[in-house]
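See structure below.
What follows draws every value from the coordinates through simple rules; no lab data is involved. Remember, predicted model here, so these are calculated numbers, not experimental data. Neighbour counts run over all protein chains shown; Cβ positions are idealised from the backbone, glycine included.
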Amino acid sequence: RALEVHLRAAHEAEEFEVHYQPWVDLRSGTVQGFEALLRWTHPERGPVSPAEFIPLAENIGLIVPLGEWVLRRACADAARWPETVDIAINLSPLQFRSGDIVRTVRSVLADSGIAPARLELEITETVLLEDSPTNLATLHGLRALGVRIAMDDFGTGYSSIGYLRRFPFDKIKIDRSFVSELPNDIDCLTITRGVADLAAGLGMSTIAEGIETVEQQEILRAIGCTLGQGYLFGAAMPAARAEAMARSRR
Ligand code: G
Ligand code: G
Ligand code: MN
Ligand code: NA
């Protein structure tokens with residue numbers, strides 16, 4: 001309740017910040033892009049996890065304007081990186097269904113001046129749960145702008161392989177819960193390999209989230225996962241540090 005009141009005022013108070021977590025090509029280790037992750041520092045409580053405040057922002061109708069602010073902030077920051085470095089941004093299902101997300105993204109691209117091909121939008125399968133013609137039209141509308149669409153947290157919710165057939169995603173993000181059990185859990189290995197094979201066969205790339213060890217990196221690379229993200233390569237960092245990392249691309 002109190003948190004909700006604070007959340008409404010947080011934007012005016014400039015308590016939000018966008019941080020950036022790198023993702024790499026698992027073969028070369030080269031940074032390919034950064035995922036924008038929203039951060040909120042509450043004046044008394046300190047940092048509040050997005051897992052806590054994003055659902056709250058969704059409940060109080062704040063997520064649409066806040067999400068648009070993230071889009072603008074992240075694209076403006078990415079405009080200062082080398083053109084070979086991409087930006088990925090999470091979309092809430094509510095933003096997705098807001099009715100003018102295609103117009104918003106078009107406007108953000110024009111204002112920031114970044115090439116549409118550098119922008120990737122991450123959606124979760126909850127967006128597709130209802131599988132309505134409207135949702136499909138929105139996905140195609142976003143695609144038509146030249147941006148890429150990634151399916152986030154694959155394997156966690158009510159994922160259906162059928163989604164991959166109905167809509168051609170550009171990328172599948174394999175959830176951290178599978179990666180964290182490697183190398184010990186053979187079932188996780190089998191599932192991860194299966195998803196990587198499936199994606200490759202469908203012309204999609206796969207990115208493994210939550211890679212923390214070199215051993216995990218090698219296994220994932222060996223089973224055909226092309227990209228990786230996780231503390232091994234870097235946690236989310238402020239814009240200035242991301243810019244420095246983007247410019248120095250290992
Ligand atoms: O880093 P981490 O704790 O930062 O993120 C927790 C969750 O919050 C993740 O599932 C992530 O997708 C989500 N998240 C982070 N930033 C944003 C954002 O800008 N918009 C939306 N919709 N979700 C976000
Ligand atoms: O959008 P998404 O749900 O994927 O948000 C990423 C979340 O995962 C963030 O909370 C981020 O801080 C967290 N994260 C990113 N890399 C790692 C990692 O290597 N290990 C762990 N435990 N968490 C990670
Ligand atoms: Mn994500
Ligand atoms: Na994720």
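Couplings for segment 222-227, taken from phi via the Karplus curve 6.51 cos²θ - 1.76 cosθ + 1.60 with θ = phi - 60°, read 5, 8, x, 7, 8, 10 Hz in order; Gly and Pro are left as x. Built from the Cα atoms of the chain, the convex hull projects on average onto 13.4 nm², one quarter of its surface area. Of all DSSP-defined beta bridges confined to the chain, some 45% are antiparallel rather than parallel. Remark on TYR20: its backbone amide H falls under 5 Å from those of LEU37, MET237, a criterion applied only to residues 5 or more positions apart or on other chains, H modelled at 1.01 Å from N. Note: relative contact order over segment 2-248, using C-alpha pairs below 8 Å and six or more positions apart, is 21 percent. Of interest is the spacing of the C-alpha centroids, which for segment 39-60 and segment 103-128 amounts to 23 Å.
Sorting HIS19, HIS42 from the fewest to the most surrounding beta carbons within 10 angstrom yields HIS42, HIS19. Just report the Cα centroid separation between segment 187-227 and segment 1-30, whole Å. Using only Cα atoms, the two centres lie 26 Å from each other. For segment 48-61, 3J(HN,Hα) computed residue by residue from phi via the Karplus equation (6.51, -1.76, 1.60; θ = phi - 60°) reads 10, 5, x, 4, 8, 8, 5, x, 5, 4, 5, 5, 9, x Hz, glycine and proline entered as x. Per-residue ellipticity at 222 nm for the chain, helices alone: DSSP H runs ≥ 4 residues times -39500 (n - 2.57), over residue total, nearest 500 deg cm²/dmol? Calculated at 222 nm, the ellipticity per residue is -12500 deg cm²/dmol. Using a cutoff of 8 angstrom between alpha carbon atoms and counting only pairs six or more residues apart, the relative contact order for segment 122-250 works out to 18 percent.
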